[in-house]
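Each remark here refers to the structure printed beneath this line.
The values are calculated or read from the model by the stated rules, or taken from the named source; none is laboratory data. The model shown is predicted, which means the values in this text are computed figures rather than measured ones. As a convention, Cβ positions derive from the backbone with ideal geometry for all residues, glycine included, and neighbour counts pool all protein chains shown. To get the accessible areas, we keep the full protein, side chains included, count just its heavy atoms, and leave off ligands, DNA and RNA. Shrake-Rupley method; radii C 1.70, N 1.55, O 1.52, S 1.80 Å.
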Amino acid sequence: MKFKKKILCIGAGYVGGPSMAMIAYKCPDYRITVVDTNPDRIDAWNSPELPVYEPGLDKIIKKTLGKNLFFTKDIENQIKENDIIFVSVNTPTKTYGAGAGMAADLQFVEKTARQILKHSRSSKIVIEKSTLPVKTALAMERILASGKGKITFEVLSNPEFMAEGTAISDLENPDRVLIGSHETKSGLKARAELIEIYARWIPLEKIITSNIWSSELSKLVANAFLAQRVSSINSISALCEKTDADISEVAKAVGMDSRIGDKFLKAGIGFGGSCFKKDILNLVYLCSYYSLQEVAAYWESVVKINEYQQERFTANILKNMFSTLTEKKICILGFAFKANTGDTRESPAIYITRKLIAEHAEVIISDPKALKNAAIDLEGTKGNVKYIEDPYRAVAGCHALVILTDWDLYRKLDFQKIYNSMAKPAFLFDGRNIVDHRKCFSIGFNVYPIGKPALSHFKT
Ligand SMILES: NC(=O)c1ccc[n+]([C@@H]2O[C@H](COP(=O)([O-])OP(=O)(O)OC[C@H]3O[C@@H](n4cnc5c(N)ncnc54)[C@H](O)[C@@H]3O)[C@@H](O)[C@H]2O)c1
């Protein structure tokens, strides 16, 4: 078959895989290829067990894989063959040298730019899909312009706003698609080419354009604002616990103000995932770099509150279980950083579990999709840890149940059956406020939600 457009994506991760699968699904006359330096990832995309769990992803992959969507290890030839290249490589927080623990590690982006330059035999549009510090496109342009031939590269910024767990519906029906470009003739031409791809299924009024720097910065700011709402409501949950106010009632009253809105106002153990923390720290670093210390401190406090919330939750478990967890069995329900994903990167569960183990608790971890990643995260942590997928088997004989992920299935558990199988007194710490606390209390649990009065059977 002759394809109308040929598109390459470098980076076959949580973003590259699903976003390219969606383009392939919506544009059957385009040929989409995804490459990665990690051969296992490529093999997994070509196998029945995909490397990423997302509701609905397997259906789209089934419809496109081998037809107009291809995952391959041959980076060199694919760069030669394709004239539109998305860059969706990882941009983790730097762990060494200047900016360690704050700045984005741009080594993978830079290597990608050098690969593109080395193997290109014709001019190309290079699209940043990774989340990057503002002005990264300039560095990419400088690398790409260092070749000797007549080949030219037009760099665009097209940050990805999908969220894990809802990636497929976000990609199919996004709030907006943002395309940043230069306002030059070639920049506008490249922009038009990218708009043409998205316009296949996204209404034009949702495809917005800007200059490259606004586009790069918008992605960091969007994540910072989302995380800031989580930290704002979590900070108030601490006050609720001191004052007998109820965080759900406060969030409802506040969120019904149309100027504020009700999204991202759910108190819990804090945000996780590969993006929020790293992107805020990246923003903090950028502000410090430009000597905006007050602005940097403002955004850094969002991360500090997130850490505080996890510390507070863990200290609460210890205090309420008579200040000792030694040899007590604690069942963790949920290890993924949120529901509907197997991703555990920066999951609050990692910190909380390590703290419980440090208190010599015996920990049993249950999760429908994240047990493999949990075992990798806790590798090398000395202590007694077991992994059991079935929540009923996991909790049997435990002294406490700790809910850390908002999986829907946990809402529907038979808590009477669970209570009957546990050691007494039985404790329930609901880090996501997802179960019926009064009902669990009446069954016999001592219940400790977030930002609400505890429901305890102990006489004070
Ligand atoms: N995960 C999310 O929900 C999400 C959402 C929006 C944006 N983002 C951003 O998208 C980018 C990618 O995130 P991700 O979660 O997909 O990361 P990921 O780690 O899952 O995937 C990145 C992939 O790029 C590959 N890679 C790195 N250097 C390469 C190179 N030179 N050539 C070929 N492949 C290379 C890695 O092997 C890896 O498989 C990041 O900048 C992230 O901040 C992520």
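Of the trypsin sites (Lys or Arg not before Pro) found in the stretch 368-460, those in coil by DSSP whose Cβ has at most 15 other Cβ atoms within 10 Å are Lys382, Lys412, Lys459. Here the gap between Thr381 and Asp244, fully extended at 0.36 nm per residue and compared with their Cα-Cα distance, gives a gain of 45.6 nm.
By the Cβ rule of 4.7 Å, the chain holds the following cysteines without a possible disulfide partner: Cys9, Cys27, Cys240, Cys275, Cys287, Cys440. Note that the chain presents 46 Å² accessible area per residue, ligands and nucleic acids not counted, probe 1.4 Å. The charge dipole of the chain, taken about the Cα centre with unit charges on the Cβ atoms of Lys, Arg (+1) and Asp, Glu (-1), comes to about 640 debye, rounded to the nearest 20. Computed from backbone phi, the HN-Hα couplings of the stretch 399-411 come to 8, 9, 10, 10, 8, 10, 10, 8, 4, 4, 4, 6, 5 Hz, rounded to whole numbers (Karplus: 6.51 cos²θ - 1.76 cosθ + 1.60, θ = phi - 60°; Gly and Pro given as x). Averaging the Cα positions of each part gives two centres, and for the stretch 10-43 and the stretch 405-439 these lie 39 Å apart.
Shown here is the pair-distance distribution of the chain: with all Cα-Cα distances grouped in 10 Å bins from zero up to the longest one, the shares run 4, 19, 27, 24, 16, 8, 2, 0, 0 percent.
Rounded to the nearest 500, the helix-only mean residue ellipticity at 222 nm of the chain stands at -13000 deg cm²/dmol, with each DSSP H run of n ≥ 4 adding -39,500 (n - 2.57). Taking every Cα-Cα distance in the stretch 304-460 and sorting them into 5 Å bins starting at zero, the pair-distance distribution P(r) comes out as 2, 10, 21, 25, 23, 14, 5, 1, 0 percent. For chymotrypsin sites (Phe, Trp or Tyr not before Pro), the sites in the stretch 273-344 that DSSP calls loop and that have at most 14 other Cβ atoms within 10 Å are Tyr290, Phe322. Using alpha carbons only, how many angstrom separate the centre of the stretch 170-224 from the centre of the stretch 307-376? Here the two parts' Cα centres lie 39 Å apart. Restricting the stretch 384-460 to chymotrypsin sites (Phe, Trp or Tyr not before Pro) that sit in a DSSP loop and have at most 16 other Cβ atoms within 10 Å of their own Cβ leaves Phe458. Each of the GluC sites (Glu not before Pro) that DSSP puts in a loop and that has at most 11 other Cβ atoms within 10 Å breaks the chain; the longest unbroken stretch is 184-326.
Pairs spanning more than 26 Å between alpha-carbon atoms, out of Lys124/Lys148; Lys63/Lys129; Lys73/Lys382; Lys277/Lys412; Lys266/Lys412: Lys73/Lys382; Lys277/Lys412. Cross-linked pairs Lys219/Lys252; Lys111/Lys278; Lys355/Lys424; Lys5/Lys118; Lys59/Lys111: Cα-Cα separations exceed 25 Å for Lys219/Lys252; Lys59/Lys111.
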